[in-house]
1. Can you report the number of residues in the stretch 81-104 which are more than 15 Å from Arg124 (Cβ to Cβ), in contact with a strand residue (DSSP E or B) (Cβ under 9 Å, 6 or more places away or on another chain) and hydrophobic (A, V, I, L, M, F, W, C)?
2. When you scan the stretch 482-516, how many residues do you find that are touching a Gly at 6+ places or on another chain (Cβ under 9 Å) and hydroxyl-bearing (Ser, Thr, Tyr)?
3. Could you check how many residues of the stretch 289-311 are farther than 22 Å from Ala437 by Cα, surrounded by 24 or more Cβ atoms within 10 Å (Cβ to Cβ) and either under 13 Å from the mean Cα position of the chain (by Cα) or of a type in the set (D, E, K, R) (or both)?
4. Among Val143, Val128, which is the only one that is in contact with a strand residue (DSSP E or B) (Cβ under 8 Å, 6 or more places away or on another chain) and either modelled with pLDDT of 95 or more or not acidic (Asp, Glu) (or both)?
5. Please work out if Ala172 is surrounded by 24 or more Cβ atoms within 10 Å (Cβ to Cβ) and assigned to a loop (DSSP other than H, G, I, E, B).
6. Select from the stretch 175-189 the residues that are surrounded by fewer than 24 Cβ atoms within 10 Å (Cβ to Cβ) and either in a strand (DSSP E or B) or of a type in the set (D, E, K, R) (or both) and list them in ascending order.
7. Could you check the stretch 476-527 and list, in sequence order, the residues that are among the basic types (Lys, Arg) and at pLDDT 95 or above?
8. Would you confirm whether any residue within the stretch 102-111 is hydroxyl-bearing (Ser, Thr, Tyr), closer than 24 Å to Val357 by Cβ, at pLDDT below 95 and out of contact with any Ser or Thr (no Cβ under 8 Å at 6 or more places or on another chain)?
Amino acid sequence: MENKKMTIDPLSQKEQIIQPPEFLRKGAMIQDYDSLYLYSITQPEKFWGSIANELFWYKKWDKVMEFNMPYHKWFINGKTNITVNALDRHVKGENRANRNRVALIWMSETGEEVLITYDRLLRRVNQVANALKSLGVKKGDRVIIYMPLTLQGIYSMLACARIGAIHSVVYAGMGVQALRSRIEDSKAKVVICSDVTYRAGKVVPLKGIVDEAIENLNYVEKIVVHRRQKPQIELSSERELDFDELIENQSQWCDAEIMDAEDPLFILYTSGTTGKPKGVVHVHGGYMVGTYYLSRAFYDIKDGDIFWSTSDIGWIVGHSYIVYGPLVAGATVVAREGAINYPDPGIVWKIVERHGVNIIFTAPTAIRMFMRFGEEYVNQYDVSTLRLLASAGEPLNPEAQAWAQRVILKDHGMVVDNFWQTEVASPIIGTLPSMNAKLGKAGKPMPGIVAEVVDPQGNKVPPNKGGLLVIKKPVPYMLRTVWNNDERYREYWNYIPGVYSCGDVSYYDEDGYFAVLGRADDVMNVAGHRIGTAEVESAFVSHPAVAEAAVIGLPDEVKGERIKGFVVLKPGNEPSENLKAILRDHVRRELGPIATPSEIDFVNNLPKTRSGKIVRRLLKARELGEDPGDLSTLED
């Protein structure tokens, strides 16, 4: 986070509203948001307790929550295991009718497709769990999973949770140092990896990265390798085992470890912008309750729905809304390895048509990519089963949202925005299916979330005045600590004392809708005005020639900072000085003279993190001739 000198004023005064189709509004789980929200924040123990009661517990809790700032606990002394609710409950519990329902539809870029029922998934997870136990893995041990979005990766996550081990998934493709730092920090006993992943038609080697990352790390006892290529690579160390051979003869039955609600479920490392990655810790009980509830209340997952998150298990979205949340809710989940524009830009819509997908969760960068390719790719397929397209990860610019509504959802569904982060593992602000959507605004606080926009001293700012987004009370699905670094956890609650600081610039309007403008360190200071990069980028993208844009602030003797834009054009548009002038005028018209860019460069692509977010820091370092620092671990 930056210094506390100034707040930020939103520049755009436009407001566009999309109303949900009547069937979507009537079918939404939350009908009376205002009443439910008031209940959730005034009676949080009753609210969250009633949701937790819908799930299986070996032993019910003595108390719903305790909050001794900055530490919070939920479902005190309750005993459960998230996998019992994600698997057993559907196979032999109260929801046993789901036993033969398809849990996972897994696909590869080459068209390979595997369907796994809940019964089959439980059996496979049990085999992997027993395999890990045979290696001496027990409750509390850490297991690194360096695998792409494969069934084996999902089995491994659930198997760790089954036996009480703490998994830490590292996005497959991160470099040697990024992987090594995570192994070192977690002191992982076992590493499970794949030999390769496949992306955009290319084979990406992974095993060599593991070999380098574990060099001289003697506490790593075993490396389990899922060998995908033919002929198979040789296992070159006594520590190495073949994934399939290890699980082949294991029993299909494995009792779940009885876990305390506050026992750690996983560590997920998030780097922010600088420094050593932070190991965000989530737990069995509260995380389970939160992801389950918002799978239904926000993402509108209903009985029999097919849900597709285009993310990867290496990110929090993949944890919460590929694996845990939808499975606890009993959905059928699409999981596809590879690039969403390969082998052609219409592949997403082909899959929607083939499987009758009802809900997609994707990122703004993907929606802008769809827009760049044009509507002809969408129109080739029947996407009428799709009723909800949810977007999160960075601000969703109004132009992209309007395009997706008009071209993809038409009148049979709705595009909704939402905001959350690795540390808060489910939406905290969003547009519910029963709400009107305001383009450029993420939505309203989710039930239980007491959100405010404050100035640097912690004072609430009035409507339409920018400031820092904070959460005043904890919810069950927030992080509990940072692994091996509790001081770093306390910083979240101490930056503005007594509240959780999200690190994002935001504002809210008279109706209680919040706009999240971007990270506090993605703010430019132009002639005394604090201007969010996301808002200027959105103004660029609203021009029909622009596919994507990034802006940075550069030193200026007169203004303090001047704005420079980097623009990717849509096919059919050629770079020219005249187009630069047109775009400058367009931004000025959209946001006013203060936001007019001083410079514009046309580029073929923008530098992004592995999860698709623009790395403005790299653009700025290049312009200033500076070292951008270690970018190998950037992921959020």
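The values are calculated or read from the model by the stated rules, or taken from the named source; none is laboratory data. Everything numeric in this text was worked out from a predicted model, so none of it was measured. Neighbour counts are summed over all protein chains in view; Cβ atoms, including those assigned to glycine, are modelled from backbone coordinates with ideal geometry.
1. Residues flagged as more than 15 Å from Arg124 (Cβ to Cβ), in contact with a strand residue (DSSP E or B) (Cβ under 9 Å, 6 or more places away or on another chain) and hydrophobic (A, V, I, L, M, F, W, C) within the stretch 81-104 amount to 1.
2. Final tally of qualifying residues: 5.
3. The total comes to 2.
4. Unique residue meeting the criteria: Val143.
5. When the stated conditions are applied, Ala172 passes them.
6. Arg180, Glu184, Asp185, Lys187, Lys189
7. Those that are among the basic types (Lys, Arg) and at pLDDT 95 or above: Arg480, Arg490.
8. Of all residues in the stretch 102-111, those hydroxyl-bearing (Ser, Thr, Tyr) come to 108, 110.
Restricting the remaining residues to those that are closer than 24 Å to Val357 by Cβ gives 108, 110.
Filter once more, keeping what is at pLDDT below 95: 110.
Keeping just the survivors that are out of contact with any Ser or Thr (no Cβ under 8 Å at 6 or more places or on another chain) gives 110.
Yes, the stretch 102-111 contains a residue that is hydroxyl-bearing (Ser, Thr, Tyr), closer than 24 Å to Val357 by Cβ, at pLDDT below 95 and out of contact with any Ser or Thr (no Cβ under 8 Å at 6 or more places or on another chain).
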